[in-house]
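A short write-up of the structure that comes next.
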Amino acid sequence: PVDACTLSAVLDANDAAELDAILGLDPLTQLSRAQCELLRLYRGYLSVAGVSPVRYLSSVDFACRAQVAEAHALLVRWRRPQVDGVDLSVLELLGPHFADEMVRMYAVNELARLDDELLLLFMMQLVQGLKYERCHDSALARFLLGRALCNRHVGHALFWHLRSDVHESENEARFALLLHAYSAAAGRVQASELVAQLRLVEGLTDGAEWIKATKSQLNVGSLRKRLREVFGPDAPVSSGLPYNMTTKVGALVVDKCKFMDSKKRPLWVVCTEASPRADSRLPIIFKTGDDLRQDVLTLQLMRVMDTEWRNAGMDLCMSLYAVVATGKEAGMIEVVANSATLADIQMAAKGARSAFSDRVLADWLLEANVDSRAHANAVETFVASCAGYCVATYVLGIGDRHNDNIMLARDGSLFHIDFGHFLGNIKRKFGISRERTPFVFTPDMVYVMGGRDSPQYAHFLELACAAYNVLRASATKLINLFAMMLNAGIPELSSVRDLEYLRRVLRLQDTDEEAATYFRDLVDELVDDPAIAESLKPYYKMFCKRPCFHDEYLPT
């Protein structure tokens with residue numbers, strides 16, 4: 001065997017530069033015939049150079065037996081990439097473009113190095129990978145079932161991801177088989193827990209669908225009556241929640257349950273929490289009629305972003321609540337305690353006129369944090385979270401942003417909710433775009449930071465630009481995670497063209513300095529342009545009339 005250094009010494013200089021360029025391409029780039037030939041020519045060098053085999057495998061013609069045999073021989077002795085942790089680029093090998101069993105097994109063997117926490121983070125894409133297996137009994141299926149039986153949390157996540165897609169005809173047989181295999185082997189305790197959660201979901205689904213069908217849509221009492229009929233007089237539940245198996249609930253507090261004033265009539269459900277505090281209450285939101293897998297995917301990508309930032313030494317105080325799809329167009333959403341929408345904060349302050357005041361958010365945080373140290377910490381948290389969500393919502397192309405979809409917690413954490421539009425798919429009304437800005441950054445947010453000349457504002461810009469560059473360095477990972485979901489049936493993610501948005505906003509051709517300048521200019525444009533602030537006013541008017549659903553759960 002010849003080592004990589006010796007081989008690199010005999011490489012043609014032009015070929016070496018071309019190889020480096022090819023290996024640096026993003027997953028959306030189609031290789032030309034000349035590039036494929038170059039990769040195959042230097043396949044021996046690549047196998048010992050400590051690079052990912054994904055680009056080389058993309059050049060292999062799997063209809064040619066000789067090339068396939070060469071690829072198999074190389075994969076057996078391929079030197080692992082010189083990266084920290086797991087080479088996540090192999091997720092591409094579990095997609096629709098690689099049907100070869102040995103290639104997919106190589107990817108599974110690499111992903112087997114993931115710890116349980118990271119496995120849970122990427123479970124959504126791994127379940128999608130099952131759709132592209134040639135047989136029900138595959139290396140990926142065995143890997144997921146094995147890890148699920150070793151860790152109840154992994155099994156719980158696998159169960160609900162399979163359950164959310166089992167209704168699709170092309171997946172029904174395979175996913176039903178895997179659900180049965182897991183349920184049969186998981187043991188009586190885990191199986192009974194899942195049955196209890198299914199009963200809770202079925203009961204809430206009945207209530208949500210019934211309130212839509214009945215003519216008494218404005219009668220909360222009729223909903224409560226229906227819930228008592230479905231669950232029984234005392235409305236016992238006694239189960240964990242689909243989005244968190246460790247949170248145990250005892251029964252529904254039917255007199256506190258209601259439906260929310262929006263098109264899909266989501267249920268606001270209050271449960272007793274099975275804890276030493278007998279008076280503890282846990283609100284959750286249950287929704288039917290919407291495909292919540294898009295929300296699940298968006299929040300998952302934000303968790304990946306948060307992981308990348310933390311690995312880079314940055315804590316952007318992201319408030320990533322839990323959402324789980326429980327079936328076809330149905331799901332459960334966690335309620336973040338001690339928080340309110342910006343619309344609710346403005347409405348509680350002075351009504352609709354408060355939308356035009358820059359002081360409202362600052363005054364709300366000051367009232368919630370009377371102690372000077374607590375207030376300083378809240379402002380610091382606000383700055384970090386504002387930077388994180390500005391970058392995250394810009395990179396993901398989150399649309400339909402208004403002050404009823406942005407929330408603020410009493411500890412200063414600002415966060416976004418309701419991700420019905422992403423990847424630049426903006427919402428329109430009467431053919432006119434409702435999105436006037438690339439992300440939401442308003443004068444009242446600048447006021448909380450102390451104005452444009454304050455150290456906090458300068459820190460915000462520094463954090464946002466650094467966070468943007470961290471995501472640019474992780475572009476391949478982000479694109480691969482989206483690409484694995486192309487056949488999931490999510491309306492706004494149906495073709496490779498939808499992913500072109502990511503390539504455009506990440507500006508992969510720029511240096512870090514150029515990208516930082518670009519993002520700083522975006523922020524300056526939002527702050528400097530009075531027309532943008534003026535364009536936001538209709539949204540404040542539109543949503544300040546909405547009732548508040550969080551007041552009774554906020555501490556007085």
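The values are calculated or read from the model by the stated rules, or taken from the named source; none is laboratory data. Remember, it's a predicted structure, so these values are computed and weren't measured experimentally. Cβ: placed from backbone, ideal geometry, glycine included. Neighbour counts: every protein chain shown. What goes into the accessible areas is simple: the full protein's heavy atoms, side chains included, and nothing from ligands, DNA or RNA. Shrake-Rupley method; radii C 1.70, N 1.55, O 1.52, S 1.80 Å.
Scanning segment 231-283 for residues that are surrounded by fewer than 19 Cβ atoms within 10 Å (Cβ to Cβ), of a type in the set (Gly, Ala, Ser) and within 26 Å of the chain's Cα centre (by Cα) gives a single hit, Ser262. Taking the criterion of being in a helix (DSSP H, G or I) and in contact with a Phe, Trp or Tyr (Cβ under 9 Å, 6 or more places away or on another chain), the residues of segment 179-189 that qualify are Leu179, Tyr182, Ser183.
Working only within segment 103-112, note down all residues that are of a type outside the set (Gly, Ala, Ser), more than 19 Å from Val48 (Cα to Cα) and surrounded by fewer than 20 Cβ atoms within 10 Å (Cβ to Cβ).
Of everything in segment 103-112, just one residue is of a type outside the set (Gly, Ala, Ser), more than 19 Å from Val48 (Cα to Cα) and surrounded by fewer than 20 Cβ atoms within 10 Å (Cβ to Cβ), namely Met105.
Taken over segment 480-533, the criterion of being over 16 Å from Val470 (Cβ atoms), open to solvent by 10 Å² or more (accessible area, probe 1.4 Å) and part of a loop (DSSP other than H, G, I, E, B) is satisfied by Leu486, Asn487, Gly489, Pro491, Glu492, Ser494, Ser495, Gln509, Asp529.
Here is a yes/no grid of residues against (1) open to solvent by 30 Å² or more (accessible area, probe 1.4 Å); (2) modelled with pLDDT under 95:
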position	(1), (2)
Ser47	no, yes
Gly50	no, yes
Ala69	yes, no
His72	yes, no
Arg77	yes, yes
Gly85	yes, yes
Gly95	no, yes
Ala99	yes, yes
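Scan segment 245-262 residue by residue and report those that are closer than 17 Å to Lys287 by Cβ and either part of a strand (DSSP E or B) or among the polar types (S, T, N, Q) (or both). Leu252, Lys258, Phe259, Ser262 - these are the residues of segment 245-262 that are closer than 17 Å to Lys287 by Cβ and either part of a strand (DSSP E or B) or among the polar types (S, T, N, Q) (or both). Of the numbered criteria (1) at pLDDT below 95; (2) surrounded by 19 or more Cβ atoms within 10 Å (Cβ to Cβ); (3) hydroxyl-bearing (Ser, Thr, Tyr), the one Ser183 fails is (2). Among the residues of segment 358-375, those that are open to solvent by 80 Å² or more (accessible area, probe 1.4 Å) and either among the aliphatic types (A, V, I, L, M) or in contact (Cβ under 8 Å) with a residue 24 or more places away in the chain (or both) comprise Arg359, Leu366, Val370.
Okay, residues lined up against (1) touching a Pro at 6+ places or on another chain (Cβ under 8 Å); (2) acidic (Asp, Glu); (3) within 23 Å of Arg293 (Cβ to Cβ):
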{"site": "Phe62", "(1), (2), (3)": "no, no, no"}
{"site": "Val76", "(1), (2), (3)": "no, no, no"}
{"site": "Gly85", "(1), (2), (3)": "no, no, no"}
{"site": "Ala99", "(1), (2), (3)": "no, no, no"}
{"site": "Asp115", "(1), (2), (3)": "no, yes, no"}
{"site": "Gln125", "(1), (2), (3)": "no, no, yes"}
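Conditions tested, residue by residue: (1) under 26 Å from Val360 (Cβ atoms); (2) assigned to a helix (DSSP H, G or I); (3) open to solvent by 40 Å² or more (accessible area, probe 1.4 Å).
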{"position": "Val440", "(1), (2), (3)": "yes, no, no"}
{"position": "Tyr447", "(1), (2), (3)": "yes, yes, yes"}
{"position": "Tyr457", "(1), (2), (3)": "yes, yes, no"}
{"position": "Arg472", "(1), (2), (3)": "no, yes, no"}
{"position": "Lys477", "(1), (2), (3)": "no, yes, yes"}
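Among the residues of segment 302-317, the one identified as surrounded by fewer than 21 Cβ atoms within 10 Å (Cβ to Cβ), among the hydrophobic types (A, V, I, L, M, F, W, C) and closer than 17 Å to Val395 by Cα is Val304.
The residues of segment 168-180 that are modelled with pLDDT of 90 or more and open to solvent by 40 Å² or more (accessible area, probe 1.4 Å), listed by number, are Glu172, Ala173, Ala176, Leu177, His180. Residue check: His156 meets all listed conditions (1) surrounded by 18 or more Cβ atoms within 10 Å (Cβ to Cβ); (2) in contact with a Leu (Cβ under 8 Å, 6 or more places away or on another chain); (3) under 30 Å from Ala63 (Cβ atoms); (4) not charged (D, E, K, R) but one, namely (3).
Taken over segment 94-133, the criterion of being farther than 21 Å from Ala71 by Cβ and aliphatic (A, V, I, L, M) is satisfied by Leu114, Leu118, Leu119, Leu120, Leu121, Met123, Met124, Leu126, Val127, Leu130. The set of residues in segment 34-55 being part of a loop (DSSP other than H, G, I, E, B) and aliphatic (A, V, I, L, M) consists of Ala49, Val51.
Only one entry in Ala384, Ala337, Ala343, Ala378 is surrounded by fewer than 16 Cβ atoms within 10 Å (Cβ to Cβ), under 30 Å from the mean Cα position of the chain (by Cα) and under 20 Å from Ile406 (Cβ atoms), namely Ala337. For first residues located in segment 404-422 and more than 15 Å from Leu366 (Cα to Cα), partners that are of a type in the set (D, E, K, R) and lie 6+ apart or on another chain with Cβ distances below 7 Å form the pairs Asp404/Arg546; Asn405/Asp418; Phe419/Asp295; Gly420/Asp400; His421/Asp400; His421/Lys427; His421/Glu492; Phe422/Glu492.
Scanning segment 190-236 for residues that are free of Cβ contacts under 8 Å to residues at least 12 places away in the same chain, outside any helix (DSSP H, G or I) and small (Gly, Ala, Ser) returns Ser216, Gly232.
Asp400 fulfils the conditions (1) surrounded by fewer than 23 Cβ atoms within 10 Å (Cβ to Cβ); (2) modelled with pLDDT of 95 or more except for a single criterion, (2).
Go through segment 118-134 residue by residue and tally those that are open to solvent by less than 40 Å² (accessible area, probe 1.4 Å) and part of a loop (DSSP other than H, G, I, E, B). Residues meeting the conditions: 2.
Annotation: of all residues in segment 57-67 being free of Cβ contacts under 8 Å to residues at least 24 places away in the same chain and outside any loop (DSSP other than H, G, I, E, B), the one that is most open to solvent (accessible area, probe 1.4 Å) is Arg65. Against the test of being loosely packed, with under 14 Cβ neighbours inside 10 Å and under 22 Å from the mean Cα position of the chain (by Cα), the options Asp165, Asp137, Asp115 yield a single qualifying residue, Asp115. Remark: Leu28 falls outside the filter, which requires a residue to be closer than 22 Å to Arg147 by Cβ and either of a type in the set (Lys, Arg) or open to solvent by less than 40 Å² (accessible area, probe 1.4 Å) (or both).
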